[in-house]
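The values are calculated or read from the model by the stated rules, or taken from the named source; none is laboratory data. All of these numbers come straight from a predicted model, not from anything done at the bench. A quick note on method: Cβ atoms are made from the backbone with ideal geometry, for glycine too, and the neighbour counts reach across all protein chains shown.
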Amino acid sequence: MTDNQKADRPDRLSVEPEVVDGVRVVTMQGEIDHDVKDVLSAALLSEDSTVAPRIVVDLSGVTFMDSSGINVFVAAYQQVSEAQGWLRIAGAQDSVLRVLQLVGVDTVIPCHPTIEQALNA
């Protein structure tokens, strides 16, 4: 598949960040794989360490995730933990949640059914 074909795929990852009550909520839609790991990294990993990062990642619109996504989530978790912050996952569809559970990410990064539950945990 050429780069142009990848760019034309409707299932590529879209990322919409917003701040809700001082928490960065990153809503994602599409597929998380090797081709979009840089987009995912940019959305979660930060150069700014002046504020303890608090991040909720809304995966309700993500239909597929491979090990590339797992690696970025683990790196983001490590970064926010070192900065006395936290990372939570919300709304993962069954197929994505299953991947998180198979590798044990859900035992390290809290996974919640909804954004509201993740924000209030």
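Observations
- Residue in region 77-115 that is farthest from P17 (Cα to Cα), counting only those that are part of a helix (DSSP H, G or I), over 13 Å from the mean Cα position of the chain (by Cα) and without any contact (Cβ under 8 Å) to a residue 24 or more places away in the chain: L102
- Taken together, V26, V74 contain a single residue that is at pLDDT 90 or above, of a type in the set (V, I, T) and assigned to a helix (DSSP H, G or I), which is V74.
- Within region 39-66, being loosely packed, with under 13 Cβ neighbours inside 10 Å and either touching a Phe, Trp or Tyr at 6+ places or on another chain (Cβ under 6 Å) or modelled with pLDDT of 90 or more (or both) holds for no residue.
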